[in-house]
1. Cβ-Cβ distance below 6 Å, separation of 6 or more or different chains: which pairs start in the range 96-112 with a residue that is within 15 Å of Asn63 (Cβ to Cβ) and end on one that is in a helix (DSSP H, G or I)?
2. What is the residue count in the range 49-58 for residues that are in contact (Cβ under 8 Å) with a residue 24 or more places away in the chain and either open to solvent by 50 Å² or more (accessible area, probe 1.4 Å) or at positive phi (or both)?
3. Being over 15 Å from Val77 (Cβ atoms) and over 14 Å from the mean Cα position of the chain (by Cα) is the filter here, so list the residues in the range 5-23 that pass it.
4. So Ala28 passes all but one of these: (1) on the phi < 0 side of the Ramachandran plot; (2) out of contact with any strand residue (DSSP E or B) (no Cβ under 7 Å at 6 or more places or on another chain); (3) open to solvent by less than 70 Å² (accessible area, probe 1.4 Å). Which condition number does it fail?
5. Restricting to the range 36-45, count the residues that are surrounded by fewer than 16 Cβ atoms within 10 Å (Cβ to Cβ), of a type outside the set (A, V, I, L, M, F, W, C) and touching a residue at least 12 places away in the same chain (Cβ under 8 Å).
6. For the range 1-25, how many residues meet the condition of being in contact (Cβ under 8 Å) with a residue 40 or more places away in the chain, open to solvent by 40 Å² or more (accessible area, probe 1.4 Å) and closer than 18 Å to Leu126 by Cβ?
7. Does Ser145 count as at pLDDT below 85 and outside any helix (DSSP H, G or I)?
8. Of everything in the range 123-156, what is exposed (fewer than 15 other Cβ atoms within 10 Å of the Cβ) and over 14 Å from the mean Cα position of the chain (by Cα)? Give them in sequence order.
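The values are calculated or read from the model by the stated rules, or taken from the named source; none is laboratory data. Owing to the predicted nature of the structure, the values given are computational and were not obtained by experimental measurement. Quick reminder, even Gly has a Cβ in these numbers, built from the backbone with ideal geometry, and neighbours come from all protein chains shown. What goes into the accessible areas is simple: the full protein's heavy atoms, side chains included, and nothing from ligands, DNA or RNA. Shrake-Rupley method; radii C 1.70, N 1.55, O 1.52, S 1.80 Å.
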Amino acid sequence: MSRFDGKVVIVTGADRGQGEAEARLFAAEGAKVILADVLDTEGEAVAADIGSNARYLHLDVSNEAEWQAAIAATKDVGGRLDALVNNAAIIWPSAIEDTSLEAYMAVINVNQVGCFLGMKTAMPLLKESGGGSIVNISSIDGIASKNGLISYTASKFA
């Protein structure tokens, strides 16, 4: 018996990198994993490679309506939710004086608001399922910034 047998987990930003690794580990431990991302071709390929314990869902984490649809689809697929991993993030390197408000907010909306919306939207199903875990992924850049990472650092510090 694996640690996550019978559990349902959503991992955002799961089409590659750290999110893909997280999704693969949860599936290897027996969880049904919902891989959520905006890169549909890549996300579908990862879910197919993981196998029957994985399903890909398109999710722009900065969009509340898409979060609501993702939570509804998760309940349809697994009947419950046991964990949410808010891993999705973007980075837009530029010096502060060269950063437009639009570019700054694009990063904040995915990296910070996306976590908030995920927690807010997932909470009712987590409670209905008897509780669970939420993991918000940050970065060392949330503690000490590097040149050109103003919006990323602010979002990860938050």
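1. Ile108/Ser155; Asn111/Ser155; Gln112/Ser155
2. Count: 2.
3. Answer for the range 5-23, where residues must be over 15 Å from Val77 (Cβ atoms) and over 14 Å from the mean Cα position of the chain (by Cα): just Asp5.
4. Unmet condition: (3).
5. 1
6. Result for the range 1-25: 2.
7. Details: at pLDDT below 85: yes; outside any helix (DSSP H, G or I): yes.
Criteria met by Ser145.
8. Pass one, the range 123-156, residues exposed (fewer than 15 other Cβ atoms within 10 Å of the Cβ): 124, 127-128, 130-131, 133, 135, 140, 143-144, 146-147.
Across the range 123-156, the qualifying residues are Pro124, Lys127, Glu128, Gly130, Gly131, Ile140, Ile143, Ala144, Lys146, Asn147.
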